Ligand SMILES: CC(C)(COP(=O)(O)OP(=O)(O)OC[C@H]1O[C@@H](n2cnc3c(N)ncnc32)[C@H](O)[C@@H]1OP(=O)(O)O)[C@@H](O)C(=O)NCCC(=O)NCCS
C-alpha cells in the first residue's frame, strides 16, 4: 500500500535557520564526531565507535551479494572553521537497507542546533536516497516518550505501525514503530 500523505522536503533547499550548515555523505573520518554527538544525546541510539565504523566497511561484502547497504549523512557547521573537524559535526543520520527495505537506525542533532530544520534536512536526504534507489519502505523504532522525534517522523509522512512492549532499557520503555511506504507508480495508462 502506498502512503498518500508523503511529503518530501527538498534537502537541497537552503536552510534559512542554519545558513552555515552543510549536509553531506559521512566518511570514516567523521566517526569521532558522530560518537561524541551520540554520547551527548541520551535519546539517540547509543552505539560504540566500532558500530559506527562498521557503517563504512565495504558493503555489500564481496562474498555476500545480499549484505546490507549502509547510508549516513552528517550536518557540518561549515561556517565555523576555527572549530575542530570533530566539533563541526552538529548532526547525523545513519540507516541500513536490505534490498528495498530500509531501517533508520539513528538520527541526532546537537541540542544547541535543534528546531532549525537540520533534522528535517537529514531525513529528507535519506528519503531521497531510498526513493532514487527504488526503495520500498523505511522502518524505525522510537521511545514512546520521544515526542520531538515522533513529530519529526510524522511531519515527513511516517505512519504508526505498532508498538513493542518493553523494548528499551535504562529506562525501560515501549517502542513505537513507524513506517514510510512509497508509492509504486502504475504505468497502465492507455496510450492515446
Ligand atoms: C529529533 C531531532 C533529530 C529533531 O531534530 P531538529 O533539527 O530539531 O528537527 P527540525 O528542526 O527539523 O524539526 C522538525 C520537526 O520535528 C518536530 N519537532 C522538533 N523539535 C520538537 C520539539 N521540541 N517538540 C515537538 N516537536 C518537535 C516538529 O514537528 C518539527 O517541525 P516544525 O518545525 O515544522 O514544527 C532532535 O530533537 C534530536 O537530535 N533529538 C535527540 C536524539 C533523538 O531523539 N533521536 C531520535 C532517536 S529515534
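The values are calculated or read from the model by the stated rules, or taken from the named source; none is laboratory data. As the structure is a computational prediction, the values presented were derived from the model and not from experiment. Quick reminder, even Gly has a Cβ in these numbers, built from the backbone with ideal geometry, and neighbours come from all protein chains shown.
Please enumerate the residues belonging to the stretch 104-128 that are surrounded by fewer than 17 Cβ atoms within 10 Å (Cβ to Cβ) and more than 9 Å from the ligand (Cβ to nearest atom).
Answer for the stretch 104-128, where residues must be surrounded by fewer than 17 Cβ atoms within 10 Å (Cβ to Cβ) and more than 9 Å from the ligand (Cβ to nearest atom): 112, 128.
Being within 21 Å of residue 48 (Cβ to Cβ) and assigned to a loop (DSSP other than H, G, I, E, B) is the filter here, so list the residues in the stretch 99-150 that pass it.
110 - this is the single residue of the stretch 99-150 that is within 21 Å of residue 48 (Cβ to Cβ) and assigned to a loop (DSSP other than H, G, I, E, B).
Can you tell me which condition residue 146 does not meet? The list is (1) within 9 Å of the ligand (Cβ to nearest atom); (2) within 13 Å of the chain's Cα centre (by Cα), and all the others hold.
Exception for residue 146: condition (2).
Which one of these is closer than 19 Å to residue 134 by Cα, modelled with pLDDT under 95 and not in a helix (DSSP H, G or I): 59, 79?
So the residue among 59, 79 that is closer than 19 Å to residue 134 by Cα, modelled with pLDDT under 95 and not in a helix (DSSP H, G or I) is 59.
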